[in-house]
Amino acid sequence: MAGTWQCGRFAIPLTPVVVMGIVNVTPDSFSDGGTHADPDAAIDFARGLAGDGAGILDVGGESTRPGSDEVSPAEELERVLPVVRALSPGPVPVSVDTRHAEVALACVRAGASILNDVSGFRDPAMVDAALDCDAGVVVMHMLGEPKTMQQEPRYDDVVVRVAEWLGEHAAALVDAGVAPERIAVDPGIGFGKTLEHNLELLRRLDEVAELGYPVLVGASRKRFIGTLTGVEVPAERVAGSLAAALIAARHGANIVRVHDVAATVDALAVWEAVDGERRG
Ligand code: HH2
């Protein structure tokens, strides 16, 4: 795999592991819904994450937690655009977490450098959006839709199926004309996966890394961490989330998407020093 990820005007170095800080401009995200739903609060929060060492800021205006309803692109844009505009151009690349092409393109025009699509560019309009710009693209695996994805998800071998799906969807983008250097893949922890599926994906993340694209993992504060630790309140799942980030790094993740940036940066610094040579 190349040592950098090409995202618009940025060539993001992938060693040490990049910490992507989550900026949810939503009233209903599972762990921080409403805490910075107002754009000014979100901008301040995002600047704080950059100061804490985030290498990417991921701005999202639609919750995709299990069971959530879709938000209209107009409403989503109203939430995210002022935040993207205020943060760009800045020293830290801005990513937009969206499934909607019109949101994606408006944000790129406002300065975003990465399109993070939890639908994995299944919508042809999102492929066109990727072709209309030079932003980096995150292809994430999700089984079905957020509304229904946790209803008895099944795979014969979750890692093989997810890696295959990611390989096919990344190849479709390349065939359409997106430069492979712009693509990163993500197994979609919690998106149509049981506890055991999530654990197996972390355990065998190396098989996803073998696709040859940078690997992004988002495990931060998710339900499976609550199940394993008994910590019900998502914001209190920091220790479990750090463990997940280190395991992901050990098994080949190049980018970790997290809420608790300062703690993750410190944990990864220790891991890199001791064990970084042994990354998957
Ligand atoms: N997880 C969430 C949202 N976007 N993007 C990528 N690439 N990978 C992920 O694992 C991922 C993602 C869900 O987490 P969060 O943004 O905290 O919650 P919500 O969807 O409720 O806003």
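Laboratory data are not the source of any read-out in this text; all were calculated from the coordinates shown. Because the structure is predicted, anything quoted here is derived from the model rather than measured. Don't worry about glycine lacking a Cβ; one is built from the backbone with ideal geometry, like all the others, and counts go over all protein chains shown.
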Relative contact order of segment 198-246 (C-alpha contacts under 8 Å, at least 6 apart) in percent is 34
Rank-order 97-109, 165-177 by packing density, defined as the average count of other C-beta atoms within 10 Å over each peptide's residues, highest first. 97-109, 165-177
Simple spin-label estimate for Thr15/Gln151, 7 Å along Cα→Cβ, in nm, reads 4.6
Treat every Asp and Glu Cβ in the chain as -1 and every Lys and Arg Cβ as +1, leave all other atoms uncharged, and give the resulting dipole magnitude about the Cα centre to the nearest 20 debye. 440
So how strong a dipole does segment 1-156 carry about its Cα centre when Lys and Arg Cβ are +1 and Asp and Glu Cβ are -1, to the nearest 20 debye? 460
At 7 Å along Cα-to-Cβ for each site, give me the label-to-label distance between Arg278 and Asp134 in nm. 4.0
Based on the alpha-carbon gyration tensor of segment 163-221 and its eigenvalue square roots a ≥ b ≥ c, which shape applies: rounded if a/c is under 1.5, prolate if not and a/b is larger than b/c, or oblate? prolate
Report, by chain and number, residues whose modeled amide H sits under 5 Å from the one on Val137, excluding near sequence neighbours (fewer than 5 apart, same chain). Leu115, Ile183, Ala184
Point-charge dipole on Cβ atoms (K/R +1, D/E -1) for segment 151-274, about Cα centre, debye to 20: 340
With the cut-off at 1.5 for a/c, could you classify segment 177-256 from its C-alpha gyration tensor as rounded, prolate or oblate? prolate
Label-point separation (nm) for Ala125 and Glu236, each offset 7 Å from Cα along Cα-to-Cβ? 4.2
Once phi is turned into θ = phi - 60°, what whole-Hz ³J(HN,Hα) does the Karplus curve with 6.51, -1.76 and 1.60 give for every residue of segment 14-23, x standing for Gly and Pro? 9, 10, x, 3, 8, 9, 9, x, 8, 10
The farthest towards the positive end of the charge dipole of the chain, of the residues Ala106, Leu166, Leu216, given +1 on Cβ of Lys and Arg and -1 on Cβ of Asp and Glu, is Leu216
Pairs of alpha-carbon atoms within less than 8 angstrom and 6+ residues apart define the contacts here; what relative contact order does segment 101-247 have, in percent? 21
Assuming a ≥ b ≥ c are the square roots of the Cα gyration tensor eigenvalues, decide whether the chain counts as rounded (a/c under 1.5), prolate (otherwise, with a/b larger than b/c) or oblate. rounded
Within segment 130-145, backbone nitrogen closer than 17 Å to the virtual label 7 Å beyond the Cα of Arg109 toward Cβ: 130-135
